[in-house]
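Below is one structure, written out as C-alpha cells, with a few remarks after it.
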Amino acid sequence: MEPNEFEERMREGELFHALRLLRGAWCVLRVDGRGFSRFTESRYEKPFDAKLHEQMVRTASALLEELQGLYAYTESDEVSVLFRPEWTLFDREVEKLVSISAGVASAAFTHAAGEPAVFDSRVWMGVDEAAVVDYFRWRQADAARCALNGWCYWTLRKEGQSVEEAGRALHGKSVGEKNELLFQRGINFNELPAWQRRGTGLRWERYEKEGVDPRSGRTVSATRRRLHVDEALPMKEAYDDYVRRLLREG
Ligand SMILES: Nc1nc2c(ncn2[C@@H]2O[C@H](COP(=O)(O)OP(=O)(O)OP(=O)(O)O)[C@@H](O)[C@H]2O)c(=O)[nH]1
Ligand SMILES: [Mg+2]
C-alpha cells in the first residue's frame, strides 16, 4: 500500500475532525464541573460557598482571556463563554474548542482550588442577538431556581431532616411557598447575595493608562482593556438589556 493511501485511511478514523461551528452563528462554550455534587460534599459550605464562587470566577477569567471571548457568565459549577459570529479561533473546529475549553477550565480550577477537578464542555449556537439574550436569560433562570431549591433543601437538612424527608417536604411546592418556608426560618431569599441568586458576569472594560514615552519624555495615554466582574447582575428584562448592550458595545 502507498504511504499516502495508508495516511489517508488512518485519517478517515478522525471522522469528527472536520466538524466546524456554523459560519456566522453566535456561539457559547459551556463548561460544567464533573461530579461536583460529590466533589463539593466535604470541601465546601452548603448550599453556597464563597470560596467555590471565587474559584469559579477565576476559572471564568482564564477562559475569557485564553479564548478571547466577549462575555462569561458563571453560576453553580458552570461557566458559559460567548463568542461573536466572526470569531475564528482554531478555524472554529469543534473538537479543538470543546477539548481546549474543558482543558483550560480544569487546569484553572485545579490551580485555584489546589485539588484536581475536571470539567466537561459543550457548544451552543444561536442565529441572532435575540437567541443570545434568551440563552443568558435561560442560564440565569437556572441559577435562580437552583439557589431557591438549594437553600430550602439544605435549611431542612440542617434542621435534621433526612434526604427523603427534605425531598418530600419540597415536592410540588411553588416558588412562593419555598420563599415562605425560608422566611419562616428567618431567611429572606431576596436579601441573599446576588451572585447566589443571579450568577456572575465577566466582561471587558476599557480604561486609559498613562505612561511616559521614552523618546519624547512626554506623558502619553493609551487605551487598555481589563476584565470587570459584575457580582450584582440585573435580572429578567434588565438582564436582557445588559446582554444586548454587551453585544453592541463588545
Ligand atoms: N457545597 C456546595 N455545592 C455547590 C456549590 N455550587 C454548586 N454546588 C454543587 O454542584 C453541583 C452541580 O450540579 P450538576 O452539575 O448538575 O451535578 P454534578 O454532580 O456536577 O454532575 P455532572 O455535571 O453531570 O458531572 C450541585 O450538586 C451543587 O449542589 C456551592 O457553592 N457549595
Ligand atoms: Mg456539574
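Using the beta-carbon distance between Asn190 and Lys158 and R0 = 30 Å, what value does 1/(1 + (r/R0)^6) give for FRET efficiency, to the nearest 0.05?
0.90
Using only Cα atoms, find the angle between the long axis of helix 129-158 and the longest principal axis of the chain, and express it within 0 to 90 degrees, rounded to the nearest 10.
40 degrees
Need the list of lysines near Lys158 for cross-linking: C-alpha distance under 25 angstrom, and skip anything on the same chain fewer than eight residues off.
Within the straight-line limit of under 25 Å, Lys158 reaches these lysines: Lys46, Lys51, Lys173, Lys178.
Treating the angle as unsigned and between 0 and 90°, give the value, to the nearest 10°, between the Cα long axis of helix 94-113 and the longest Cα principal axis of the chain.
60 degrees
Stokes-Einstein D for the chain at 37 °C, 0.692 mPa s, Kirkwood Rh over Cα pairs, in µm²/s?
Reported coefficient: 159 µm²/s.
Show the residues, 5+ positions off or on another chain, whose built amide H is closer than 5 Å to the amide H of Asp230.
Gly201, Leu202, Arg203
Counting only helical runs of four or more DSSP H residues, what would the 222 nm mean residue ellipticity of the chain come to if each run contributes -39,500 (n - 2.57) and the total is spread over all its residues?
For the chain, the value works out to -15500 deg cm²/dmol.
Need the C-alpha centroid separation for the stretch 172-250 versus the stretch 130-166, integer Å.
A separation of 21 Å, based on Cα centres.
At a 1.4 Å probe radius, which order do Trp138, Trp204 fall into by accessible area, largest first?
Solvent-accessible surface, decreasing: Trp138, Trp204.
For the stretch 197-210, take each phi angle, set θ = phi - 60°, evaluate the Karplus expression 6.51 cos²θ - 1.76 cosθ + 1.60, and give the result in whole Hz per residue in order, putting x for glycine and proline.
My calculation for the stretch 197-210 gives 8, 10, x, 10, x, 10, 9, 8, 10, 8, 8, 8, 10, 8 Hz in order.
Hey, could you grab the Kirkwood Rh for the stretch 99-145? Inverse mean 1/r over distinct alpha carbon pairs, Å, one decimal.
12.7 Å
Largest first and in whole Å, give the semi-axes of the stretch 120-234's equivalent ellipsoid, each being the square root of 5 times a Cα gyration tensor eigenvalue.
In descending order the semi-axes read 45, 19, 12 Å.
What ranking do 231-241, 215-225, 70-80 get when scored by the average of other Cβ atoms within 10 Å per residue, highest first?
Order by mean packing, descending: 70-80, 231-241, 215-225.
Non-local amide H neighbours of Arg20 (under 5 Å, H modeled in plane, Pro and chain starts lacking H): which ones?
Val94
Classify the stretch 2-140 as rounded, prolate or oblate from the Cα gyration tensor: take a ≥ b ≥ c as the square roots of its eigenvalues, call it rounded if a/c is under 1.5, otherwise prolate when a/b beats b/c and oblate if not.
Taking the square roots of the gyration eigenvalues as a ≥ b ≥ c, the stretch 2-140 is oblate.
In nm, to one decimal, how far is the Asp91 label point from the Thr223 one, both placed 7 Å along Cα→Cβ?
Result for the modelled spin labels: 3.3 nm.
Can you give me the % of accessible surface on the stretch 19-131 that is carbon or sulfur? Probe 1.4 Å, all protein chains present, nothing else counted.
51 percent
When the gyration tensor of the stretch 48-125 is built from Cα positions, what are the square roots of 5 times its three eigenvalues, in whole Å, from largest to smallest?
Gyration-tensor ellipsoid for the stretch 48-125: 22, 13, 10 Å.
In Å², and per residue, what accessible area does the chain have when probed at 1.4 Å with the other protein chains present?
Per residue, the chain has 59 Å² of solvent-accessible surface.
Quick one: if you stick a label point 7 Å off each Cα along the C-beta vector at Tyr207 and Met10, how many nm between them?
Spacing of the two 7 Å Cα→Cβ label points: 5.1 nm.
Quick one: angle between helix 3-12 and the longest Cα principal axis of the chain, in degrees between 0 and 90, rounded to 10, please.
So the inclination is approximately 20 degrees.
The values are calculated or read from the model by the stated rules, or taken from the named source; none is laboratory data. None of these values were measured; they are calculated from a predicted model. Neighbour counts are summed over all protein chains in view; Cβ atoms, including those assigned to glycine, are modelled from backbone coordinates with ideal geometry. Just the protein is used for accessible areas: all its heavy atoms, side chains included, with ligands, DNA and RNA removed. Shrake-Rupley method; radii C 1.70, N 1.55, O 1.52, S 1.80 Å.
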